Structures are given as structure tokens and as C-alpha cells.
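For reference, the structure discussed in these notes is given below.
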Amino acid sequence: MAEYIVMPKLGFDMREGVLNSWSKGVGDQVEKGEVIAEIESDKANLELEAQAGGVLLKLLAGEGDVVPIGGNMAIVGEEGEDISQMDADVDGVSAESTESTNGTAITVQTEPTSTPTGVAVREEGEYPDGVKASPVARRIAIEKGINLSMVSGSGPGGRITRSDVESYTAASPEITASDYKPSQITPVAESVEVASSRLRQAIGRRMVESKTTVPHFYVTTDIDMAQALSLRKEINALIPEENKVTVNDMIVKAAALALRQYPNINATFAGDKLIRYGHISVGSAVAVEGGLLTIVQKNTDLAPLAQIALDNRTMIQRARDGKSRPGDFENGTFTVSNLGAFQVDHFIAIINPPEAAILAVGSASQVPVVVDGELAVGWRMKATVSADHRVTDGAEAAQFLQEFKAIMEEPLRLLL
């Protein structure tokens, strides 16, 4: 029986996505879970996995189309199957899709169009600056400082695609000796307006929401990292280079174990009640070109340290390659933000809604310490938890941080 391939929900506050390209064509065999398209959310380029298997009978969205959550993108079924009724459902009426967010049903409607899609399609005059370009091409042009009006489009209807922008080389005017006029005055560079990318806009929207609606408070501690760094060195001496464990992997695991003892930190505020998550999945904030993403390692308290390291390394690489999958960002219950690689001693992080807390960690560095009344040199790392005061209080957050500190200072507990 034929089924629709729909736009999945790729983030807590996502309402729509953009189809960048199809990797399958009509008539191709599709396996459930196989990557069939590249889509773009507010945060990243992602690989769309087929939600059903069969023959790809019809594509309902084209490159650059904006598709609401749950919007129909393609039809998959048996070869030769009659899909006329499914076509009529898309073509003849306004498309509707319903999603559930925190128990509230949201209906997304798009106007009927002459194209066989259940998605919102831009009219020619609605393109910024009158230039017909895909969202990904527009973002890359902004990052590279390329004027899109100077680029020729090879896509449908002359649309400028990603490859057009990446292969564009601006022509340089010839300069003759008579054109050269030396000057003793250094010109002042003009101010430049740079349009915000979808990722930058999403980050801004989420952070404003968090700081204006969530009452943050902060608790900081200092952690002796000598044993953790020593254990990491011993572990990595026994495993291949590609499987190396990072300090952040150890921090993620320690946070997950501490969350077992303090379920209010592994929770979310839901009006007149708290929702304590039944699983512990710790996200890691990852710097990518143009912004920040949070990849989520699943069931972190139960996963061996080596598995956490492998999962995080794989997801981080996908994020930086623009090949992330929806599952890389889903179902996080707590987040770690680590700026240690940038030689940051201490900072505080903004909570990632709908989570109740986030842990900010700085670099592990050698500093003067007092041990048994004597001045010595030790390895120390500062960690700060930002917590939602609607969900927890200072004493509980401090106890969570004490447990996290104890695990990091007795790191063999990470291997139990």
C-alpha cells in the first residue's frame, strides 16, 4: 500500500524545512531507513531517511520548496500502484498537517497551488533581491561574500544552486600602469550588511526564548583533573587512533551518571508539573561554520565510554560535513558545553529548552594549588551548571555538581 514520505520534525521549535535535493528518482527502489534526500532545517543540512520502503512513485516537492512539518514530499508504494486518490488529496485541496508539541495539536495549512505539492512554494517575485536561488546557495553566497546577481544558475528555471555558488569565480578587471595612483591615506573599509543565516536566526530565537522565559541560576566548582587525564592517557594507549577517548567524552559520561542521582536536573518544566525523563541522553554543543549545533548521545548513562566516544565523533563529523541525520539532534535531556579546546577558563551557558540545565566546562590546566598546607602545581578544571529555578534549587544543583566532581576525581567509576 502506497505511503507518503513526509517532512520530519528535526528540532524542538522547528515548523518547516527546505528540500535541497533528491538522491533518488521516480521509479527507483527505496528501502526503509535509506537516505533519499537532503533537507535543511533552521539548524543544519540533514539527510532524510525514507519512512517506508517500496518504489518511489512520485515526487511532491522540488529543490528549494519549503515544506511544513508533516507535509507530503513523495509517494512510495508498489510498482504500478494506483495513487490517483493520493494525488487528489494533495492537488485538489489545501494541504494540512498536524503535529503535537507538548501535547498541543498544531495545524499547518498551505494554499492550493498548481504544482503537485502539499508545500508552500515561493512566487518568482518573492525571492530576496529578485534573485532565484536555493536557500543553501544563498547561505553559502553570504558566507563567501558573493553577489548572487553575478552568478549564473544551472538549476530548474535558472535557479542558482549550491554548486553554482561553490564553482563561481569573480572576474577581476585588468589593471594597467595608468590606473595605478599611489596614496598615502589608507581608506576606511565600508560597513557591510550580512544577512543572518537560518542557523543564526534559530540560535537567536532559541536563546532569547531561554533567557527571557527561563529563570537561570548558576553554580560553579573546581575539579582536580589529574586522575582523569592520567586514565584517559592509559585508555588511549590501548586503542586505535580512530577510537581515542576525549576529555569531553569523559565529562559527558560523568554528567550522565550524576543525573541518575538527581532526576530533577534531568527534567523539563511543563506548567503545573515537571516531566522527569525516563532516559538520560546527553548532548554536546558543537561549533560549526556559522553557528552552533547540539548532537545527542543516546542512553548515555548505560553506554560504555568507548561507545560514547564513537557516537560523538561520528555525529560531530557529520555535523561539520553538513550530513547530519535527524536522530543526531533528537531526544536530548541535558547538554554539555565545553570550551576547553579554546583555552577558556570559565564561562556560563544558556539553557537549551526544553531541558532544565546545561553544564559549562572550561579547559583543564596546570595552576597553583594548596595541598596539605603546601603550595603545589595541579590540574584543575572549572565547571558551572546553569539550572532552571522553576525545576530545581541551588542546593540540589550544587549536590549534582558535587556528584559530577566526585566522579571526575575518581574516574574509574566511568568504566564500571
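The values are calculated or read from the model by the stated rules, or taken from the named source; none is laboratory data. Note that the structure is a prediction, hence the values are computed from the model and not measured. We place every Cβ from the backbone using ideal geometry, glycine too, and count neighbours over all the protein chains shown.
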> In the set Asp82, Asp87, which member is surrounded by fewer than 18 Cβ atoms within 10 Å (Cβ to Cβ), at pLDDT 85 or above and outside the structural domain of Ala137 (by TED's automatic domain parsing)?
Replying inline: Asp82
>> Can you say whether Ala228 is crowded, with 18+ Cβ neighbours inside 10 Å, at pLDDT 95 or above, touching a Ser or Thr at 6+ places or on another chain (Cβ under 7 Å) and on the phi < 0 side of the Ramachandran plot, as far as the supplied structure shows?
In response: no
> Does Asp42 qualify as being touching a Lys or Arg at 6+ places or on another chain (Cβ under 6 Å) and either under 21 Å from Ser196 (Cα atoms) or modelled with pLDDT of 90 or more (or both)?
Replying inline: yes
>> Looking only at the range 383-409, count every residue that is of a type in the set (A, V, I, L, M, F, W, C) and part of a strand (DSSP E or B) and tell me the total.
In response: 3
>> Let me confirm something: among Phe347, Phe329, which residue is exposed (fewer than 15 other Cβ atoms within 10 Å of the Cβ) and within 22 Å of Ala256 (Cβ to Cβ)?
In response: Phe347
> Checking Thr98 against (1) on the phi > 0 side of the Ramachandran plot; (2) modelled with pLDDT under 85, which test does it fail?
Replying inline: (1)
>> Given the criterion more than 16 Å from Ile223 (Cβ to Cβ) and either outside the structural domain of Lys405 (by TED's automatic domain parsing) or not β-branched (Val, Ile, Thr) (or both), identify the matching residue among Gln366, Gln343.
In response: Gln343
> Would you call Leu401 modelled with pLDDT of 95 or more, buried (at least 19 other Cβ atoms within 10 Å of the Cβ) and within 16 Å of Ala256 (Cα to Cα)?
Replying inline: yes
>> Checking the conditions here, which among Ala341, Ala360, Ala356, Ala349 is under 26 Å from the mean Cα position of the chain (by Cα), aliphatic (A, V, I, L, M) and at pLDDT below 95?
In response: Ala341
> Can you name the condition, by its number, that Val288 falls short on among (1) buried (at least 16 other Cβ atoms within 10 Å of the Cβ); (2) modelled with pLDDT of 95 or more; (3) within 21 Å of Leu46 (Cα to Cα); (4) not acidic (Asp, Glu)?
Replying inline: (2)
> Looking only at residues in the range 320-338 that are assigned to a helix (DSSP H, G or I) and either more than 18 Å from Met14 (Cβ to Cβ) or at pLDDT 90 or above (or both), which one is farthest from the chain's Cα centre (by Cα)?
Replying inline: Asp321
> In the range 367-385, is there at least one residue being within 21 Å of Gly332 (Cβ to Cβ), exposed (fewer than 15 other Cβ atoms within 10 Å of the Cβ) and either touching a residue at least 24 places away in the same chain (Cβ under 8 Å) or of a type in the set (Lys, Arg) (or both)?
Replying inline: no
> Can you tell me how many residues in the range 49-71 are surrounded by 23 or more Cβ atoms within 10 Å (Cβ to Cβ), in contact (Cβ under 8 Å) with a residue 60 or more places away in the chain and touching a helix residue (DSSP H, G or I) at 6+ places or on another chain (Cβ under 9 Å)?
Replying inline: 1
> Of all residues in the range 141-199, how many are among the aromatic types (Phe, Trp, Tyr), at pLDDT below 75 and within 19 Å of Gly64 (Cβ to Cβ)?
Replying inline: 0
>> Looking only at the range 186-206, how many residues end up being in contact (Cβ under 8 Å) with a residue 24 or more places away in the chain, in a loop (DSSP other than H, G, I, E, B) and farther than 16 Å from Asn147 by Cα?
In response: 0
